[in-house]
Amino acid sequence: MSNKELADIFYTIADILDIEGVKWKPIAYRKAALSISTLSGDISEYYKGGKLDKIEGVGEGLGKKIVEYIKTGKVSKYEELRKKYPIDFNSLRQVRGLGPKKIYYLYKSLGIKNLDDLKRAISEHKLRGLEGFGEKTETNLSEALGSAVESTEKRIPLGFMLDNAERIVSDLSKSGLFKKVQIAGSTRRMRETVGDLDILASSDKPEEGMRFFSKMGEVSKVLVSGPTKTSVELKIGLNCDFRVVPDESFGSALQYFTGNKEHNIKLRKIAISKGLKLNEYGIFKGKKKVAGESEEGVYSYLGLDYMPPEMREDTGEIEAAQSHTLPKIVDYNEILGDLHTHTNDSDGADSLEEMVSEAKRLGLNYIAITNHSYSLRVSRGLDDKRFESINKRIDSLNGKDGIKILKGVELEILKDGSLDLSSNTLSKMDFIIGAMHQSISKDRKENTDRLIKAIESGKLSTIAHPTGRIIGERPPIDLDLDRIFEACEKNGVMLEINGYPTRSDLPFDLVRKASNYRIKFSLGSDAHRLAQLRFIRLAAAIARRGWLTKNNVINTYSYEQIIKLKR
Ligand code: DGT
Ligand code: CA
Ligand code: CA
């Protein structure tokens, strides 16, 4: 039983209802599924605390299904639907180009139930005979399959497990049983999704420490337990490897277990080329240990400058560290504000006043309030008049609490590339985020032209979550990104790095790519409630993974500097 399993059940119900032509309900199921997968605690705790109705998108009907799941481990509606549709929607959905209806069509005509069936059918060219599936579709699907296989391994978005990881580390530290405790692995590299959590500690008495770890409240099941490594399943539905090493090896172990694997392999080759041996216990010259106590020591002994974990993906950082040309990437504490947030005036849960004061409490200097514009009906988008009244409230609040507020909007880019609010309203805004949520085409050129028309309008500050992908739910919009980046450069429009965990958009590799153009980046949490304002840190992590410097990221600018950029 886990949040993820329940969310997957709801997503599948939504898909099946779509196939059956049921209106609205699929949206409700997906909304609830998204909230459940974003909870920081176990769903059963919410039930125990009588707080199910506090979960966004959960009303009475879905509440009952959640209670049923917690009590019996099953949702009977789902079991019933599954009999009619024995299809693995959760994995097939990840394949770009496959929606519920197509998935069902493939099942009906070829009996395809899962990714393996789909792969086989493609390799046997069985899809070509189907209506609407040409040779090109076959190639596209087979390309998309590669990435689908990766994303359906049970990976959890970083933002949905980072709090838990930090709590575990803090409790381990407080136990007094360890000298050092640190997060390692993909979590330390702040990768957008995490396969399993790795934690490293040093101690003289590992047995007692291991016992303490196995009994922690966050642990649901012990999988393997030994004196140096214990693997468990956590209640949030993620596995965790916990390793304890002697203190004098902590640095090299931390380096090793932070990875990534390719980075480590390259590092080991460098060691070998210098006649050294590198492993998790240290660097050795013959039998003599010459480094390993600190991570910095390991890199420096190999002739490399130290680099932050976020950069360790073997994408050129090792070569740059050797030639002393590593860029100085933007620091978390240089981020002064949040440039994408929602309030309960559109689809957020908390009020303008509450969001602003929470942002202040988190130490931000400014916050842009960017509610949805009119045509995004599912998110209660606002018209010109409502924006006028919100802007008045912002004027009277602005600066009072020692925090500045930017008047903003997440503006729908309509199907023909035109914009959704009057020029008069737009001219009063400090920060305008252009977004495509609806009527996304399957045609790359159509999508690209639409976005470029909006970029050329001269009204937009930035482009919201540019690829539109939602991890575990929706593939990226088919776009010619080179053309988009060129248009942004030419028109002085920024690109957003959206820190909302299932978005993480732009992804880090595309940030890297876009930074070859003269483009600036805006970071936003996309918070829809107070607790989500902390996602700004995840946007900063992606900026760091994309090697952005302070100057590339406008959230390092002061409020006054940003206002000056107003178009
Ligand atoms: P994940 O868990 O899939 O999100 O990604 P990681 O990077 O946390 O991978 P994980 O948990 O399998 O291993 C943790 C680290 O241990 C990894 O980043 C590098 C190191 N490591 C794991 N396997 C190997 C290996 O075969 N060779 C080397 N050199 N290092 C490895
Ligand atoms: Ca891991
Ligand atoms: Ca691991």
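The values are calculated or read from the model by the stated rules, or taken from the named source; none is laboratory data. Just so you know, these numbers come straight off a predicted model, no measurement behind them. For neighbour counting, all protein chains shown are included, and Cβ atoms are generated from backbone atoms with ideal geometry for every residue, glycine included. Side chains are part of the model used for accessible areas, which takes the heavy atoms of the whole protein and leaves out ligands, DNA and RNA. Shrake-Rupley method; radii C 1.70, N 1.55, O 1.52, S 1.80 Å.
Of the residues making up region 237-296, those that are of a type in the set (D, E, K, R), more than 31 Å from the chain's Cα centre (by Cα) and either within 15 Å of ligand 3 (Cβ to nearest atom) or over 18 Å from GLY316 (Cα atoms) (or both) number 9. One residue stands out in region 330-346 among those that are more than 20 Å from the chain's Cα centre (by Cα) and surrounded by 17 or more Cβ atoms within 10 Å (Cβ to Cβ): the one that is farthest from LEU267 (Cα to Cα), namely ASP345. Scanning region 199-209 for residues that are more than 16 Å from ligand 3 (Cβ to nearest atom) and not in a loop (DSSP other than H, G, I, E, B) gives SER202, PRO206, GLU207, GLU208, GLY209. Of the candidates PRO309, PRO327, the single residue that is touching a Lys or Arg at 6+ places or on another chain (Cβ under 8 Å) and not assigned by TED's automatic domain parsing to the domain that holds PRO466 is PRO309. Residues that are open to solvent by 40 Å² or more (accessible area, probe 1.4 Å) and more than 16 Å from ligand 1 (Cβ to nearest atom) do occur in region 227-235, at least one of them. Every condition in (1) more than 10 Å from ligand 1 (Cβ to nearest atom); (2) surrounded by fewer than 22 Cβ atoms within 10 Å (Cβ to Cβ); (3) within 27 Å of GLY524 (Cα to Cα) holds for SER170 except the one numbered (3). Being assigned to a loop (DSSP other than H, G, I, E, B) and open to solvent by less than 40 Å² (accessible area, probe 1.4 Å) holds for only one residue in VAL58, VAL67, and it is VAL58.
Does region 175-194 hold any residues that are within 11 Å of ligand 1 (Cβ to nearest atom), touching a Phe, Trp or Tyr at 6+ places or on another chain (Cβ under 8 Å) and of a type in the set (A, V, I, L, M, F, W, C), and which are they? Scanning region 175-194 gives a single hit, ALA184.
For region 236-256, the set of residues classified as of a type in the set (Phe, Trp, Tyr) and open to solvent by less than 70 Å² (accessible area, probe 1.4 Å) consists of PHE242, PHE250, listed by residue number. Assess whether GLU388 counts as being open to solvent by less than 40 Å² (accessible area, probe 1.4 Å) and among the acidic types (Asp, Glu). So GLU388 fails the test.
Taking region 482-518 as the range and being surrounded by fewer than 22 Cβ atoms within 10 Å (Cβ to Cβ), in a loop (DSSP other than H, G, I, E, B) and over 20 Å from the mean Cα position of the chain (by Cα) as the test, the residues that pass are GLY492, ASN516, TYR517, ARG518. Does VAL232 satisfy the criteria of being outside the structural domain of ARG545 (by TED's automatic domain parsing) and either touching a helix residue (DSSP H, G or I) at 6+ places or on another chain (Cβ under 8 Å) or of a type in the set (D, E, K, R) (or both)? Yes; evaluated as a whole, the condition is true for this residue. From the list THR425, THR370, the one residue that fits, being open to solvent by less than 20 Å² (accessible area, probe 1.4 Å), among the β-branched types (Val, Ile, Thr) and closer than 25 Å to GLY57 by Cα, is THR370.
Across region 195-206, the number of residues qualifying as near ligand 1 (Cβ under 8 Å from one of its atoms) and crowded, with 22+ Cβ neighbours inside 10 Å comes to 2. Filtering region 21-33 to residues that are of a type in the set (A, V, I, L, M, F, W, C) and either modelled with pLDDT under 85 or part of a loop (DSSP other than H, G, I, E, B) (or both) leaves VAL22, TRP24. When LYS101, LYS154 are checked against the criterion of being surrounded by fewer than 17 Cβ atoms within 10 Å (Cβ to Cβ) and farther than 26 Å from LEU39 by Cα, a single residue qualifies: LYS101.
Per-residue answers, yes or no, for (1) touching a Phe, Trp or Tyr at 6+ places or on another chain (Cβ under 8 Å); (2) without any contact (Cβ under 8 Å) to a residue 40 or more places away in the chain; (3) outside the structural domain of PHE10 (by TED's automatic domain parsing):
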site: GLY63; (1), (2), (3): no, yes, no
site: VAL67; (1), (2), (3): yes, yes, no
site: THR72; (1), (2), (3): no, yes, no
site: LYS77; (1), (2), (3): no, no, no
site: ILE103; (1), (2), (3): yes, no, no
site: LEU106; (1), (2), (3): no, yes, no
site: ASP117; (1), (2), (3): no, yes, no
site: GLY129; (1), (2), (3): no, yes, no
site: GLU135; (1), (2), (3): no, yes, no
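A Cβ distance below 7 Å, combined with a sequence gap of six or more or placement on separate chains, defines the contacts here; from region 211-232, residues that are without any contact (Cβ under 8 Å) to a residue 24 or more places away in the chain and within 21 Å of GLY41 (Cβ to Cβ) reach residues that are assigned to a strand (DSSP E or B) and of a type in the set (D, E, K, R) in the pairs SER220/GLU233; LYS221/GLU233; VAL232/LYS221. Only one of the listed residues (LYS126, LYS84, LYS48) is under 30 Å from SER220 (Cα atoms) and open to solvent by 60 Å² or more (accessible area, probe 1.4 Å). That residue is LYS48. Here region 257-277 is the region considered, the condition is being among the polar types (S, T, N, Q) and free of Cβ contacts under 8 Å to residues at least 40 places away in the same chain, and the residue that is most open to solvent (accessible area, probe 1.4 Å) is SER273.
The helices (runs of 4 or more DSSP H) located wholly in region 83-198 that include 1 or more residues which are small (Gly, Ala, Ser) and at positive phi occupy 185-188.
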